[in-house]
Amino acid sequence: MFNSVYMDEDKKKGSVTFRGWFGVSFKNVVATKYLPLRKVKSLFIDIRSDVITVDNFFLLELYYLVKEMVNSKSNLSVNKKSLDNLKTILEESTWVKDVVNETIVTTTALDYGRIKEKFNYQILPHQEPAYEEYEKMKMKLGYKGYLLYGKPGVGKTFISLSIAEALHSELVIIVCPLPTVDKVWKHSIEEELYKEPQSTYTSLDYGKKDYDGEKFIIFHYDALDKLDKLVKDIKHTKTTILIDESHNFNELKSKRTNQLLSITEHVDSNDVLLLSGTPVKAKINELLPMLKILDGKLTKHVEKRFIELYKSPNWLLAKILPIRYGNYIAKVEKSDMGVPPMTKEDITIKLKNGKDYTLKAIKEQIKSYVEDRGAEILHNLPKYQERYDYLYNRVKNELIAKGTKAYLFQDYEEAIKKIQHNYDRNTLGFIPETIVEANKFEKSYILPELSGDEKKEFKDIKSIVKYPRLKIQGEVLGRIVLRARINAHRDIAKALDYKTILNSTTKKTLIFTNYVDIAETVTNTSSRLGFTPIGVYGNTTADLARIVTNFTENSKINPLVATYASLSTGVPIVAANVMVAIDLPYREYIFNQAIARLWRLGQDKPVTVYITRLDTGDEKNINDRNVDIIAWYKKEVEKITGISSGLEIDYNTTTDEVSNEDLSLGLLEALKGTNIHEVSLDTTVKIKKDITDTW
């Protein structure tokens, strides 16, 4: 029949072929009306007037493409009757049918009676969808598990453990951040959730005692190599894997992610739960680790095609992606949790030197610094170039003599010329790869050969040689803008009315900041006022579990002072019901995670979150959200220096060191000259043109 369509499945290749008459212009119509030609090549293995072949994985994309064509009111020069027939076949195919239609699951995968039998807690109404969706994923779609998405505090620990129990798991492997090994997972399993204590073996036990058949294995991220060795020798017929804060495995090329993928392959579990409150931050690539773990249809071959297809979605793919992504996720909402209410209140503070922290005053400092530093660099540029040439050529000659290929240095020198040329034309934004490669070469080849003052000197002058005004921009950010922000919040921390805040509750208080310096100021100031603070920041972070236990159990200890980086995830602290944010973090989700340390299941008192606000009248000041301040800085300093990088700022730092390799233009190199051990930045900032958080 002219309109008939026939389906052939090649299970060995994991592909499906549809044969029929789709029209002479079928491929051309798809490539001109719906998908760019390069994406057509990614979606289809074969596409002709009478044959359509796709990977099993892409049946959903094919279905929505055909659906759009069938529903189109335009004359597409295709055989719509054949396409309608194809659409019907796709709707009846097992996988597409189960995705598109909300059919009822008739076979139960979970033993709910076992949950009642084993646990002190029972399933709450807001948690029920997590169990229903798991059965759907398993029984309808054939996945190996799902992503359990829920804001902090919804009970993901209980949900995941109870699902593992309801599956009659013989072994449960838990991968989690180090601070949560004991305080969250071991505690929940041995003391809190189960009616009877369960046996656990953790990464902290590894090397001290042998694994002896414990039902629960709990390993932190940095011990995955040890876990991989351990699981190779363990054979169970029913294993469930729980991956806590799974967004930490979003980068497919990272060592950590590949270790996790190796473990999931060795264990070959058909039940894997990824737990996260922030599954995807920005890039489509972040989906790949999840898909590789959960969906057996994502082969290496399909993986490359998936990236090519979705790395810049058009209107059609933009409609399909949320549908596809949503079919791997069970979302648990925080509503109807039964926890007491949470309120946010501002604490307004006036400082005697408040005018020093106004944007107007800081802008004047920027102007003055740019003028003076610019004149100094211009005057000494020949000296900087001469010194750069001397250090570079010395290292180059030494390495070539040792056997390093000369062409590597030639490539680097060409990259430097290209950077300088584009810098002069103010077009650096067009060559980000060149800048990144040059920075990598310097880090991999030149800097390791230098030491002491010479190493510091080369770090400084290499940016001046490449892009002097951008070097000044980085210095302005570190020495003026961020320094003013830290000083402002340090002064706020000194002026805070700790007595009123800490005495406002019968429970305890948790105080957050981005910076170690400010955390120390809070600790010292509250201590002088007669309180007994305890801190989780800087060097004390490694002792988090003991510190949190002391805070919870010792009635004399109050407040708990922490940086967002050290305590914003994983650990419940319901002994406190008051939180103070001395300064706000760079991302809204980090702030919400911090609040969820105390506003969560188990909290029995209303929660109050105080946010400090510096009052400088009608003048705006530096006490604002970090991303907004740095965006303001970038705009102002580009206006003053007369150069725009055209690139995103990607500001990535850890405790006491500034990592410049992630910042393509080295804008923050200047921080090394601002007593970085005092700055102690303890967070991550990213400003992107198209992806920003809002409050």
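Residues in the range 242-274 that are in a helix (DSSP H, G or I), within 15 Å of the chain's Cα centre (by Cα) and not charged (D, E, K, R): SER246, HIS247, ASN248, PHE249, THR257. When PRO279 is tested against (1) in contact with a strand residue (DSSP E or B) (Cβ under 7 Å, 6 or more places away or on another chain); (2) modelled with pLDDT of 85 or more; (3) within 18 Å of PHE249 (Cα to Cα), just one condition goes unmet, and that condition is (2). From LYS73, LYS39, grab the single residue that is more than 18 Å from LYS297 (Cβ to Cβ), basic (Lys, Arg) and in contact (Cβ under 8 Å) with a residue 12 or more places away in the chain. Just a single option satisfies the conditions, and that option is LYS39. Taking (1) surrounded by 12 or more Cβ atoms within 10 Å (Cβ to Cβ); (2) free of Cβ contacts under 8 Å to residues at least 40 places away in the same chain in turn, ALA406 satisfies each apart from (1). Can LYS494 be described as touching a Leu at 6+ places or on another chain (Cβ under 7 Å), without any contact (Cβ under 8 Å) to a residue 60 or more places away in the chain, surrounded by fewer than 21 Cβ atoms within 10 Å (Cβ to Cβ) and in a helix (DSSP H, G or I)? Here the answer is no, as LYS494 does not meet what is asked.
Checked against the criterion of being aliphatic (A, V, I, L, M) and farther than 30 Å from THR404 by Cα, the range 442-450 contains not a single residue that satisfies it. What pairs come up if the first residue lies in the range 602-621 and is under 21 Å from GLY155 (Cβ atoms), the second is loosely packed, with under 14 Cβ neighbours inside 10 Å and among the charged types (D, E, K, R), and their beta carbons are under 9 Å apart, counting only those six or more places apart or on different chains? That search, which allows pairs on different chains as well, returns VAL609/LYS344; VAL609/GLU345. Can you report the number of residues in the range 523-545 which are under 19 Å from ASP182 (Cβ atoms), among the hydroxyl-bearing types (Ser, Thr, Tyr) and modelled with pLDDT of 95 or more? Of the residues in the range 523-545, 0 are under 19 Å from ASP182 (Cβ atoms), among the hydroxyl-bearing types (Ser, Thr, Tyr) and modelled with pLDDT of 95 or more. One residue is enough: does the range 365-373 have a residue meeting the conditions more than 30 Å from ILE492 (Cα to Cα), in contact with a helix residue (DSSP H, G or I) (Cβ under 6 Å, 6 or more places away or on another chain) and of a type outside the set (Ser, Thr, Tyr)? Within the range 365-373 (the criterion being more than 30 Å from ILE492 (Cα to Cα), in contact with a helix residue (DSSP H, G or I) (Cβ under 6 Å, 6 or more places away or on another chain) and of a type outside the set (Ser, Thr, Tyr)), the answer is yes, since at least one residue qualifies.
Only residues that are small (Gly, Ala, Ser) and farther than 20 Å from ALA415 by Cα: list them for the range 448-464, please. Scanning the range 448-464 gives SER451, GLY452.
Every listed requirement among (1) in contact with a strand residue (DSSP E or B) (Cβ under 7 Å, 6 or more places away or on another chain); (2) in a loop (DSSP other than H, G, I, E, B); (3) over 24 Å from LYS235 (Cβ atoms) is met by LEU148 save one, (2).
When the range 286-319 is filtered for residues that are among the acidic types (Asp, Glu) and within 17 Å of VAL30 (Cβ to Cβ), only GLU308 remains.
Here's the yes/no breakdown for (1) surrounded by fewer than 22 Cβ atoms within 10 Å (Cβ to Cβ); (2) outside any strand (DSSP E or B); (3) in the same structural domain as HIS187 (by TED's automatic domain parsing):
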{"site": "SER504", "(1), (2), (3)": "yes, yes, no"}
{"site": "LEU510", "(1), (2), (3)": "no, no, no"}
{"site": "SER526", "(1), (2), (3)": "no, yes, no"}
{"site": "GLY535", "(1), (2), (3)": "no, no, no"}
{"site": "THR541", "(1), (2), (3)": "yes, yes, no"}
{"site": "ALA562", "(1), (2), (3)": "no, no, no"}
{"site": "ILE573", "(1), (2), (3)": "no, yes, no"}
{"site": "MET579", "(1), (2), (3)": "no, no, no"}
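Could you give every pair whose Cβ atoms fall below 9 Å, whose first residue belongs to the range 433-450 and is on the phi < 0 side of the Ramachandran plot and in contact (Cβ under 8 Å) with a residue 24 or more places away in the chain, and whose second residue is among the polar types (S, T, N, Q) and outside any helix (DSSP H, G or I), counting only separations of at least 6 or pairs across chains? So the pair list comes out as ILE435/SER664; VAL436/SER664; ASN439/ASN660; ASN439/SER664; LYS443/ASN660; TYR445/THR404.
Working only within the range 534-559, note down all residues that are touching a Lys or Arg at 6+ places or on another chain (Cβ under 6 Å) and within 22 Å of LYS499 (Cβ to Cβ). Listed by number, the list holds a single entry, ASN558.
Just to be sure, is ILE52 free of Cβ contacts under 8 Å to residues at least 40 places away in the same chain and surrounded by 22 or more Cβ atoms within 10 Å (Cβ to Cβ)? Judged against the criteria, ILE52 is a match. For the condition surrounded by fewer than 14 Cβ atoms within 10 Å (Cβ to Cβ), modelled with pLDDT under 85, in the same structural domain as LYS136 (by TED's automatic domain parsing) and farther than 28 Å from LYS13 by Cβ, ASP233 qualifies. Of the residues making up the range 435-472, those that are part of a helix (DSSP H, G or I) and under 18 Å from ASN380 (Cβ atoms) number 18.
Looking only at the range 354-403, residues that are in contact (Cβ under 8 Å) with a residue 60 or more places away in the chain and charged (D, E, K, R) come to 7 in all.
Residues that are in contact with a Lys or Arg (Cβ under 9 Å, 6 or more places away or on another chain), of a type outside the set (D, E, K, R) and within 28 Å of GLU170 (Cβ to Cβ) within the range 243-256 comprise ASN248, PHE249, listed in sequence order. The set of residues from the range 396-409 being modelled with pLDDT of 95 or more and among the polar types (S, T, N, Q) comprises just one member, ASN397.
Matching residues to (1) on the phi > 0 side of the Ramachandran plot; (2) among the hydrophobic types (A, V, I, L, M, F, W, C):
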{"position": "GLY530", "(1), (2)": "yes, no"}
{"position": "PRO559", "(1), (2)": "no, no"}
{"position": "ILE573", "(1), (2)": "no, yes"}
{"position": "MET579", "(1), (2)": "no, yes"}
{"position": "ILE582", "(1), (2)": "no, yes"}
{"position": "ALA594", "(1), (2)": "no, yes"}
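The set of residues from the range 15-74 being under 32 Å from the mean Cα position of the chain (by Cα), in a loop (DSSP other than H, G, I, E, B) and not aromatic (Phe, Trp, Tyr) comprises LEU35, PRO36.
The values are calculated or read from the model by the stated rules, or taken from the named source; none is laboratory data. Small disclaimer: the values here were computed from a predicted structure and weren't measured. Note that we place each Cβ from the backbone using ideal geometry, even for glycine, and neighbour counts take in every protein chain shown.
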